[in-house]
Each structure stands twice: as structure tokens, then as C-alpha cells.
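Nothing in this text is a laboratory measurement; each read-out follows from the coordinates by a stated rule. Note that the structure is predicted; figures quoted are calculated from it, not measured. Quick reminder, even Gly has a Cβ in these numbers, built from the backbone with ideal geometry, and neighbours come from all protein chains shown.
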Amino acid sequence: MQFDLEEIKRTIAKKYDWGPSADWTNFHFKELSKDIEAATGDRLSEETLKRIFGKRKVNTESYQPQAFSQMVLMKYAEGLKAGHSRTNGTIPEKSFLTAKVRKTIWWVFGCGIFLAAVLFFTTPDNEPEKYRFSCKNPRDTYPFTAMFEYDVSEIDDSVFIDFGKDGETFLPPEKSMINYFYSNTGVYNVQVYTRKKRLDSLRVVAWAHDWQAGYFPNSTPEKFSHFMDQSFYRQPDCFYATSEGLKAEHVDLSQHSWTDYRYFSPFGKDLDHLSLETRVLNNASTGSFSCYDIGIALQGDFGTIDITFTQSKCSRYAMLKLSEKQMDGEYDDLSAFTVDMSDWLQLRTKTEEGNFKVYLGDKLIFTEQYQKPLGSLLGIRYYFFGSGKIDYIELKDSLENVFYRNDFTSTGTIAHK
């Protein structure tokens with residue numbers, strides 16, 4: 001069998017139905033690693049799986065796993081197609097039972113299934129698991145401690161919580177409260193789950209009075225760390241984290257990392273009828289890395305607009321999240337988001353009646369439709385591979401009224417209604 005990485009990834013993604021792999025967390029990769037080892041007897045680490053599924057950026061567009069990883073993936077994919085993903089990876093021996101015996105076995109098996117179904121739907125023990133989970137203060141200004149109340153005493157399995165930071169904490173069944181300190185602004189999807197299934201989820205929003213900046217290691221935005229000095233990137237005419245400033249923040253410039261600027265505030269405006277205009281720069285002159293990725297995200301109550309622009313010929317790393325849609329340069333043609341990064345980019349986006357448009361200067365470069373509403377605007381993010389610059393941002397509502405503008409100068413001009 002010839003190794004086909006894309007086909008194997010599609011087979012695994014279809015089997016687990018976890019949604020786009022770009023949204024998978026440590027929990028998903030841990031589960032997949034365990035399943036592969038249980039099925040094949042060979043282990044692929046979580047980090048290896050993250051590189052394979054594009055969660056970690058690699059240095060070549062034609063990335064191929066090592067020979068051992070290819071062998072294990074092929075073995076596991078064959079097992080999935082044969083329908084025995086949680087076995088030792090061997091193919092069952094051919095049965096030599098007579099037709100009469102097989103018919104008898106199937107009759108007994110069918111009766112057993114029928115009786116099991118009757119018991120399942122009539123036994124009170126199979127009622128939905130009883131638990132309680134809530135947050136007393138899900139929206140507050142950062143930094144703050146969120147207080148979660150819960151009752152998982154009647155659940156037989158161990159229960160865990162992810163506070164939206166891609167980590168895992170055990171919930172002691174004898175307790176009824178757990179607290180978590182949110183030190184950064186943003187939106188956090190909190191999940192409660194067992195090893196078998198997700199029980200519940202809710203959203204925590206950490207508002208800000210002003211922009212917050214920081215950085216995160218390559219392809220791991222959940223590990224965002226804010227700059228201790230929130231003034232060094234506020235240049236006289238733009239936001240820009242210089243190499244000297246990043247070194248002072250102990251950012252290892254020999255390793256690939258991203259600078260991140262974010263502002264979350266109760267704007268009170270509909271993201272489904274909104275336009276954004278901005279001017280950004282990211283290239284070798286600013287201290288960027290190859291492909292010069294620029295990301296711009298608008299977070300709504302129910303969905304997100306998140307675009308990654310790249311240098312020409314780097315469309316593999318372009319990306320778009322638009323409400324229920326997820327488009328990735330690995331599988332989709334996002335060449336519209338590959339642009340000449342040698343000079344400032346003037347970008348504009350517009351949402352109206354389920355239609356989304358992107359303009360570069362005055363030129364319309366991309367359109368797409370979506371179905372699920374995005375809801376009220378909660379926040380804005382810029383993220384740059386390396387370090388980029390932001391000249392200004394302007395947001396308008398459905399009536400073309402400017403409700404937020406920032407020139408990112410030392411004084412700044414803000415209209416926020």
C-alpha cells in the first residue's frame with residue numbers, strides 16, 4: 001500500500017468526527033495517541049500527531065512523517081477501514097463455520113441485541129447522567145477569578161475541566177466549587193468532560209479597558225503570554241514590538257513565535273452587519289519569519305471571523321474561519337489571501353445578510369456566504385508571525401457609522417459608542 005498522508009488524515013478525521021483538526025486540543029491528540037497505541041502496539045506522540053495534522057507549523061510545504069510514523073499511520077488507517085480501531089491491529093482470521101451454524105449464531109445474536117435494546121430503553125439506570133455546572137461570573141474585566149459551581153457526585157467516571165487554556169484539571173466529586181484566575185483578556189471556551197464524552201461547556205469573556213499585547217510559541221495560541229511591559233510596543237505612529245523590546249521580554253528570537261494584540265470589550269454591535277478597515281505590515285523589515293503571516297480575527301457571541309494572510313506562494317498556511325465554515329490552505333484554494341507583503345496592506349472586510357467580503361485596497365478579492373449568525377461583537381485580535389505593525393483600525397455598523405477607531409499613535413483617537 002502506498003502512503004497517502006492526506007487520505008489517512010481524512011480517514012481519521014471522519015472516524016472521530018471531532019470537527020476541523022485546526023480546532024483539536026491537547027485532549028484530542030492525547031486520545032488519538034492512546035487509540036493508535038492500543039490498536040497497533042506502536043506509539044505516536046502527541047507532538048508528532050500535531051505536526052502531522054498541521055497543528056504545528058513545519059518548515060516545508062511537502063512535509064512527510066518519518067518512516068516509522070508512516071508505517072504506524074498506515075496500519076491504523078487500515079484498521080479503521082476494517083472496523084477494528086481499538087484492537088491490536090490484527091485482521092480477524094477467516095471463519096470456516098458452516099452456513100447453518102452461522103445462521104444460528106446470527107439468530108441468537110439478533111435476539112441478544114433485541115433484549116439489550118429493551119433493557120436499555122426501560123431501565124432507569126440509563127437516564128441521562130445527572131450533573132450541575134455553571135459559572136457565577138462568566139463575564140468580567142481581567143484580571144479576575146471566575147467561580148465555577150458544579151455537582152458531579154452521581155457520575156461514576158472521573159470528570160475533568162478545561163478552562164479554555166488547553167489544560168486539564170480533575171474535578172473532585174466531593175467538592176462543589178472550583179476557581180480559575182484569568183490573567184489575559186479574551187474569550188475562553190470552558191469544557192467539562194469524562195474520558196468518554198463531553199458533559200457541558202460554557203463561555204467566559206475577560207473584558208479589557210485597553211489593548212493587551214503578548215506572544216505565543218509557533219502554532220500554539222492557547223499558550224499566549226502577555227508582555228510585562230505594555231508600553232514598549234506603543235510607538236509614536238503605530239503598534240509594533242521591536243526586536244529589542246521582545247528581547248527585553250525574554251522572547252527567544254531564535255525560535256518561531258507570534259506577536260498578538262487583542263482588545264475585548266462589550267461593543268454592543270452586530271458582527272453580522274459590520275465593516276472593518278485596517279492597515280498592517282509584516283515582512284523581513286519588521287522582524288518577521290518566512291511567509292510573513294498576518295492574522296485578523298473578530299470574535300462574536302456565536303461565531304468567529306478569522307483570516308490569515310500570507311506572502312505569495314505560501315497559500316498552504318492561509319486560513320479562514322467564518323461562522324460554521326472552516327477553510328484551510330492545506331485542503332482549500334485560499335490563494336486570494338496570498339499577497340505582496342513588501343509594503344503596507346490596506347484591508348477591509350464587510351458582513352451583511354450572511355455575506356462576507358474581503359477587499360485589498362479598493363479591490364474585492366474574496367466573497368463567501370455563511371448560515372449561522374455571528375452575534376454581537378466581543379473582541380478583536382491581530383496576530384503576526386514574528387512581529388508586524390498596525391497603523392489603524394476603524395469599525396462601522398450597518399448604518400456606516402464609525403463606532404470604534406484607533407490610530408495606534410501615542411495619543412490615539414477612539415470613538416466608541
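Here the contact order of the range 347-390, divided by its residue count and restricted to Cα pairs under 8 Å and six or more residues apart, works out to 24 percent. Placing dummy labels 7 Å off each Cα toward the beta-carbon, the span from Tyr331 to Leu253 is 3.9 nm. Net charge of the neighbourhood of Gln311, taken over other residues with C-beta under 9 Å away and scored Lys/Arg +1, Asp/Glu -1, is -1. Couplings 3J(HN,Hα) for the range 224-240, derived from phi with the Karplus relation 6.51 cos²θ - 1.76 cosθ + 1.60 (θ = phi - 60°), are 4, 10, 6, 5, 5, 9, 8, 10, 5, 8, 8, 6, x, 10, 5, 8, 6 Hz, where x marks Gly and Pro. The Cβ shell under 13 Å around Lys325 holds other residues with a net charge of -4, Lys and Arg each +1, Asp and Glu each -1.
Computed per residue of the chain from DSSP H runs no shorter than four, each worth -39500 (n - 2.57), the mean residue ellipticity at 222 nm is -6000 deg cm²/dmol.
Report the extension gain between Lys313 and Gln64 in nm, rounded to one decimal, defined as 0.36 nm multiplied by the number of residues separating them, less their alpha carbon distance. Present the calculation step by step, with values, prior to reporting the outcome.
Numbers: separation 249, 0.36 × 249 = 89.64 nm, distance 1.92 nm.
Value of the extension gain: 87.7 nm.
Taking Cα atoms only, the orientation of helix 5-16 departs from the longest principal axis of the chain by about 70 degrees.
Among Met177, Met147, Met327, rank each residue by its count of other Cβ atoms within 10 Å, from fewest to most, as a rough exposure measure.
Numbers: Met177 9, Met147 14, Met327 19.
Result, fewest neighbours first: Met177, Met147, Met327.
Loop-resident GluC sites (Glu not before Pro) (DSSP state other than H, G, I, E or B) in the range 148-255 with no more than 10 further Cβ atoms inside 10 Å of their Cβ: Glu154, Glu174. Note on Ser183 and Asn137: the model spin-label points, each 7 Å out from Cα along the C-beta direction, lie 1.8 nm apart.
Entry note, the chain: relative contact order of 12 percent, from Cα contacts under 8 Å with a spacing of 6+ residues. For a paramagnetic label modelled on His273 (point 7 Å from Cα along Cα→Cβ), amide N atoms under 20 Å away belong, within the range 348-375, to 349-358, 368-375. Between Val402 and Gln230, what length comes free when the chain is fully extended (0.36 nm per residue of separation minus the Cα-Cα distance, one decimal in nm)? Full-extension gain reported as 59.3 nm.
Applying a DSSP loop filter and a limit of 16 other Cβ atoms within 10 Å to the trypsin sites (Lys or Arg not before Pro) in the range 178-256 leaves Arg195, Lys196, Lys197.
Net charge near Val358, counting Lys/Arg +1 and Asp/Glu -1 over other residues with Cβ under 9 Å of its Cβ? So the environment of Val358 carries a net charge of +2.
Report the full-extension gain for the segment Asn26 to Lys81: residue separation times 0.36 nm, less the Cα-Cα distance, to one decimal in nm. Display every interim value, and only then the final one.
Numbers: separation 55, 0.36 × 55 = 19.80 nm, distance 2.49 nm.
Once the chain is fully extended between Asn26 and Lys81, it gains 17.3 nm.
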